[in-house]
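The values are calculated or read from the model by the stated rules, or taken from the named source; none is laboratory data. From a predicted model like this one, the values you see are computed outputs, not experimental measurements. A quick note on method: Cβ atoms are made from the backbone with ideal geometry, for glycine too, and the neighbour counts reach across all protein chains shown.
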Amino acid sequence: MYFQKLSLSSKKMKILSSAQLRQWDKYTIEHEPISSIDLMERASMAFCSAFMKRWQTDTPVMVFAGFGNNGGDALAISRILAQQEYQVETYLFNTGSKGLSNDCEMNRRKLMEQGIVKFVEVTAQFFPPKISEQTVVIDGLFGTGISRPLAGPFAAVVKYVNAAAKQIVSIDVPSGLMTENNDGNIKENIIRATHTFTFQCQKIAFLFPENQQFVGNVEVLDIGLLDTNQLFINSPYSILEKNEVVGLLKTRPRFAHKGTCGHALLVAGKKNMAGCAVLSAKACMRTGVGKLTIHTQEANRTILQLAVPEAILDVEPETRDKRTAITKSLSYVNSFSAVGIGPGIGTDENAFDILSHLFNESEAPLVLDADALNIIAAHPGLKSLIPPGSILTPHKGELARLLNSTDNSFEQLQLAMQFAQQQGIYIIAKDAYTAIITPEGIVHFNTIGNAGMATAGCGDVLTGIILSLLAQGYTSADASILGVYLHALSGDIAAEQLCEESLIASDIIDTLPQAFRRMKSPPPAPPKGRES
């Protein structure tokens, strides 16, 4: 079996809708040219290649195939695995009102002609087989084409497989899961895959936390669809790639000095929240800013002077009224290159006054995080005052409060895109797959980083990194993309050196230098010798 993969690295990794995916298949069939059955064979070979890397031939395989093209993939996979000496048992559910799709029917005939697979075609009542703990179930019931929840007999099959199988590998998409919005879907009627081998690109639903239980470990398989920019233009979603991020990194001038590397203002840390200010400040300094001033409360003076001696302190008086709320540094806010506000400032009147002042007076770009976002959510009138070009860094809960949205991630994303466009701002929606949303309504998903970063203070570190980049003259767009990537890469390096469970926020700051080095270093040369 020979399968020549076409490189995906030369084009931006877009995430397409179901309709666009069908267009992409059609375009390849018409312009390669290649028949639809041969393209199905190519996809099935790619699936089998990934499958055989993980499971040996002594693994029992049970395949559940639907009546459409996803079922056609499943039947082709059954035949290919059987040729490779896997013991395969296949169930084809030929219960559609229109019968099998053309390609599914053709693969049914091929499987029957091969004659080495235990094959059951279900046209009426289904008698569920016993699934052993060692059996790997391949789910090929439904693919990307569904638009409503599964019901009736197919829902019953899904529930049986979920209850009986320990290992489930879905072809392209877990059956029952819609590729975009699953609001209103029935969770019990969706396959809970342990692995999903998806074709050519990620599906947007795979990137949402509530769908992790269905997709398991996802691997994208290149099946050689032809590159055509025409099909990618209308998708607002893409995966952030290292090569595009590396291109944003500036070279530090030989004659640079602290005055030319930016002066950042960080508003952080009320009493008993000095740690937020420390983490943000250290991350800001470690990312290369020339000077940093921290506006904080008197209770934090000693802590910050000891923890971040490189920073300048701008301390609020211990007693204050509205006339003294704004300190000297805040009065001269436009002398700073960039301003970050939010980590640990609280949501009281004092914090509200400072945020309102910055909205009214600052011409420097703003990074808004944590309590700054909570203040805006509590005072919706502030939303329209957020200066264009500002960067907001909410986690899922903060985003829900800010947008008054439900927990549905697709709905949240749409509302965030609308808000970013209306206000001309950038929203960094923090999650396992952080989404960077631009004022143009474009969404870049970051796919690096790890679960060890789910620990207190990591968001404060990200704020400091982005603030530093803004102060050094990066645009809001570039600071958002580069900041998210650096933060995640540092987290991955820290997890390599420690482990996910032991990772704390300050570890990310400590590994920032290594993240910069990795980004600046050319990729290693391929080993010399015989080509594989």
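Some observations on this one:
- Asp227 being farther than 21 Å from Gly66 by Cβ, modelled with pLDDT under 95, out of contact with any strand residue (DSSP E or B) (no Cβ under 7 Å at 6 or more places or on another chain) and charged (D, E, K, R): yes
- Listed by position, the strands (runs of 3 or more DSSP E) inside segment 416-532 whose residues that are among the hydroxyl-bearing types (Ser, Thr, Tyr), surrounded by 23 or more Cβ atoms within 10 Å (Cβ to Cβ) and in the same structural domain as Leu279 (by TED's automatic domain parsing) number at least 1 are 426-429.
- Answer residue from segment 47-62, given it is among the hydrophobic types (A, V, I, L, M, F, W, C) and surrounded by fewer than 20 Cβ atoms within 10 Å (Cβ to Cβ) and is farthest from Lys26 (Cα to Cα) among those: Trp55
- Residue within segment 352-369 that is more than 23 Å from the chain's Cα centre (by Cα) and within 18 Å of Ile437 (Cβ to Cβ) present: yes
- Among the residues of segment 152-170, some residue qualifies, meaning at least one is under 32 Å from the mean Cα position of the chain (by Cα) and assigned to a loop (DSSP other than H, G, I, E, B).
- Selection within segment 116-138 - farther than 12 Å from Phe93 by Cα, in contact with a strand residue (DSSP E or B) (Cβ under 8 Å, 6 or more places away or on another chain) and not β-branched (Val, Ile, Thr): Lys118, Pro129
- Annotation note: Cβ proximity below 8 Å between a residue of segment 80-100 that is assigned by TED's automatic domain parsing to the domain that holds Val136 and part of a strand (DSSP E or B) and a residue that is of a type in the set (Ser, Thr, Tyr) and buried (at least 16 other Cβ atoms within 10 Å of the Cβ) (sequence gap 6+ or interchain) occurs for Val88/Ser78; Thr90/Ser78.
- Selection count, segment 101-150, where residues are assigned to a strand (DSSP E or B) and farther than 18 Å from Leu39 by Cα: 9
- Selection from segment 116-142 of residues that are at pLDDT 95 or above and small (Gly, Ala, Ser): Ser132, Gly140
- Filter result for Val161 (touching a Phe, Trp or Tyr at 6+ places or on another chain (Cβ under 7 Å), farther than 30 Å from His444 by Cα and crowded, with 17+ Cβ neighbours inside 10 Å): yes
- Selection from segment 84-130 of residues that are within 17 Å of Cys48 (Cα to Cα), within 37 Å of the chain's Cα centre (by Cα) and surrounded by fewer than 21 Cβ atoms within 10 Å (Cβ to Cβ): Gln84, Gln87, Glu89
- Verdict on Glu349 being among the charged types (D, E, K, R), at pLDDT below 95 and in contact with a strand residue (DSSP E or B) (Cβ under 8 Å, 6 or more places away or on another chain): no
- Total residues in segment 27-74, condition farther than 24 Å from Asn217 by Cα and in a helix (DSSP H, G or I): 9
Conditions tested, residue by residue: (1) basic (Lys, Arg); (2) touching a residue at least 60 places away in the same chain (Cβ under 8 Å); (3) closer than 15 Å to Thr393 by Cα.
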site	(1), (2), (3)
Gln418	no, no, no
Gln421	no, no, no
Ala429	no, no, yes
Tyr433	no, yes, yes
Gly441	no, yes, no
Cys458	no, no, yes
Thr463	no, yes, yes
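- Among the residues making up segment 383-415, those that are closer than 18 Å to Leu355 by Cβ and surrounded by fewer than 17 Cβ atoms within 10 Å (Cβ to Cβ) are Lys383, Ser384, Leu385, Pro388, Arg401.
- Lone qualifier among Lys282, Lys271 - being buried (at least 22 other Cβ atoms within 10 Å of the Cβ) and out of contact with any Lys or Arg (no Cβ under 7 Å at 6 or more places or on another chain): Lys282
- Among residues of segment 233-285, those that are closer than 30 Å to Phe410 by Cβ and touching a strand residue (DSSP E or B) at 6+ places or on another chain (Cβ under 8 Å), counted: 7
- Within the set Ile427, Ile436, the sole residue that is within 24 Å of Ala277 (Cβ to Cβ) and within 18 Å of the chain's Cα centre (by Cα) turns out to be Ile427.
- Index of the failed condition, Ile326 passing every other in (1) in contact with a strand residue (DSSP E or B) (Cβ under 8 Å, 6 or more places away or on another chain); (2) over 26 Å from Ile428 (Cβ atoms); (3) in contact (Cβ under 8 Å) with a residue 24 or more places away in the chain; (4) β-branched (Val, Ile, Thr): (1)
- Taken residue by residue, segment 369-377 has at least one member that is closer than 28 Å to Phe208 by Cα, surrounded by fewer than 22 Cβ atoms within 10 Å (Cβ to Cβ) and out of contact with any Asp or Glu (no Cβ under 6 Å at 6 or more places or on another chain).
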